[in-house]
Amino acid sequence: MEWLDLRSDTVTRPSAAMRAAMNVAEVGDDVYGDDPTVNRLQEYAADLFGFEDALFAPSGTQSNLLALLAHCGRGDEYLVGQEAHTYRYEGGGAAVLGSIQPQPIINQADGSIALADIESYIKPDDFHFARTKLLALENTINGRVLPLDYVQQATTLAHGRGLSTHLDGARVCNAAVKLGVSPRDITRGFDSVSVCLSKGLGAPVGSVLLGTKPLIKEAKRWRKMLGGGMRQAGVIAAGGLYALEHNIPRLQEDHDNAAYFAGELAKMKGLKVSTPQTNIFYVDIPQFVMQGLGDVLELTHIRVSMSQRLRIVTHMDAKRDDIDRAITVFGDFFG
Ligand SMILES: *Cc1c(COP(=O)(O)O)cnc(C)c1O
């Protein structure tokens, strides 16, 4: 039996068409700026997201880190959500490598950071405090889409107080598809944005960082220092370019599958299911059945993230048939 892996959309594999594009990619040495495919990807991404320039990075973690290092110096701080990937799941890179202090702020139920909190955590210009330099938001955040008017208000507030703004837009295309707007409508108001190509978009490797020319120049210096300067990277950039050109509209299918799966699970006794806005949702199950469910999923070759609750992520390698198979397994277990 094939494994059905719903732990994350990072598990997606390059399609035959994407591999074909990678196979014929023109390449050069990207550290010299000579890789035509990397350059095309960067130009395409800059245009798509409405930025002056872009930089290809090996991962979203590095792309976010490049942005933090480009915006903040030693002894500066950035405002960030408690639940944000940058703060929680990136090994404290900004602190370790940039001496940048995070100021984590509680996220509200919709994933946003309250404007009043942003305001109150900006430190006065006084030598007792770290210098508050940057506001970092995340969209989508654990599958939730930040409202457009909130983003506009938060970035305007930050800029008005002299801060820069960064968006961890690992899944920003899911947000655009959900709201039915173009990607640049979501990224407007940010000085930099990091976008993952290797999640729902289906590329095997890579992220792009977007920003002004001077910011990207600075980020490029950091990327080299961190060991992220790659040579004939066009082979992987071709997958990323293919992803941006072909795989954005189809994210709707992942959202539909998540809504369908969550709807069916919600009918089962004892399950508390979050309503998915995009391709991620959570299921609270009684702790005493966790082990038993884990065993059944293992036997039936289904993977979901299991900690306090289940996290289920839909993606292009999980078709409606696969979701139906999972629904049957859950139904048999909880029925
Ligand atoms: C996955 C992810 C990242 C990091 O991407 P990697 O390529 O895994 O390093 C950053 N932010 C968010 C919100 C993510 O989901």
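Values for this structure:
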read-out: Exclusive hit being of a type in the set (D, E, K, R), assigned by TED's automatic domain parsing to the domain that holds LEU69, closer than 20 Å to GLY234 by Cα and within 16 Å of the ligand (Cβ to nearest atom), set LYS220, LYS199; value: LYS199
read-out: From TYR121, TYR78, residue being at pLDDT 95 or above, within 16 Å of the ligand (Cβ to nearest atom) and among the hydroxyl-bearing types (Ser, Thr, Tyr); value: TYR78
read-out: Lone qualifier among TYR150, TYR78 - being touching a His at 6+ places or on another chain (Cβ under 8 Å) and surrounded by 14 or more Cβ atoms within 10 Å (Cβ to Cβ); value: TYR78
read-out: Test: residue in segment 94-108 that is part of a loop (DSSP other than H, G, I, E, B), in the same structural domain as THR155 (by TED's automatic domain parsing) and closer than 19 Å to VAL195 by Cα; value: no
read-out: Unique match (being in contact with a Gly (Cβ under 7 Å, 6 or more places away or on another chain), in the same structural domain as GLN103 (by TED's automatic domain parsing) and away from the ligand (no atom under 14 Å from the Cβ)) among ALA130, ALA158, ALA154; value: ALA130
read-out: Failed item, numbered, when ASP284 is tested on (1) open to solvent by 20 Å² or more (accessible area, probe 1.4 Å); (2) touching a residue at least 40 places away in the same chain (Cβ under 8 Å); (3) farther than 30 Å from ALA54 by Cα; value: (2)
read-out: Single condition VAL205 does not satisfy, out of (1) farther than 18 Å from TYR44 by Cα; (2) touching a residue at least 60 places away in the same chain (Cβ under 8 Å); value: (1)
read-out: Considering residues of segment 138-147 that are open to solvent by 10 Å² or more (accessible area, probe 1.4 Å) and under 16 Å from ASP168 (Cβ atoms) only, the residue nearest to the ligand (Cβ to nearest atom); value: GLU138
read-out: Selection from segment 9-26 of residues that are of a type in the set (Val, Ile, Thr) and assigned to a helix (DSSP H, G or I); value: THR10, VAL11
read-out: Total residues in segment 109-141, condition touching a residue at least 60 places away in the same chain (Cβ under 8 Å) and acidic (Asp, Glu); value: 0
read-out: Among the residues listed as ASP317, ASP324, ASP332, the single one being under 23 Å from the mean Cα position of the chain (by Cα), modelled with pLDDT of 95 or more, open to solvent by 30 Å² or more (accessible area, probe 1.4 Å) and of a type in the set (Asp, Glu); value: ASP317
read-out: Criterion: within 22 Å of the chain's Cα centre (by Cα) and aromatic (Phe, Trp, Tyr) - qualifying residue of TYR150, TYR121; value: TYR150
read-out: Segment 27-65 - residue that is closer than 17 Å to ALA170 by Cα and not in a helix (DSSP H, G or I) and, of those, nearest to the ligand (Cβ to nearest atom); value: SER59
read-out: Within segment 109-147, tally of residues that are touching a helix residue (DSSP H, G or I) at 6+ places or on another chain (Cβ under 9 Å) and of a type in the set (Phe, Trp, Tyr); value: 0
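The values are calculated or read from the model by the stated rules, or taken from the named source; none is laboratory data. Computed from a prediction, not measured in an experiment: that's the story for all the values here. Counting neighbours? That spans all protein chains shown, and the Cβs are built from the backbone with ideal geometry, glycine included. To get the accessible areas, we keep the full protein, side chains included, count just its heavy atoms, and leave off ligands, DNA and RNA. Shrake-Rupley method; radii C 1.70, N 1.55, O 1.52, S 1.80 Å.
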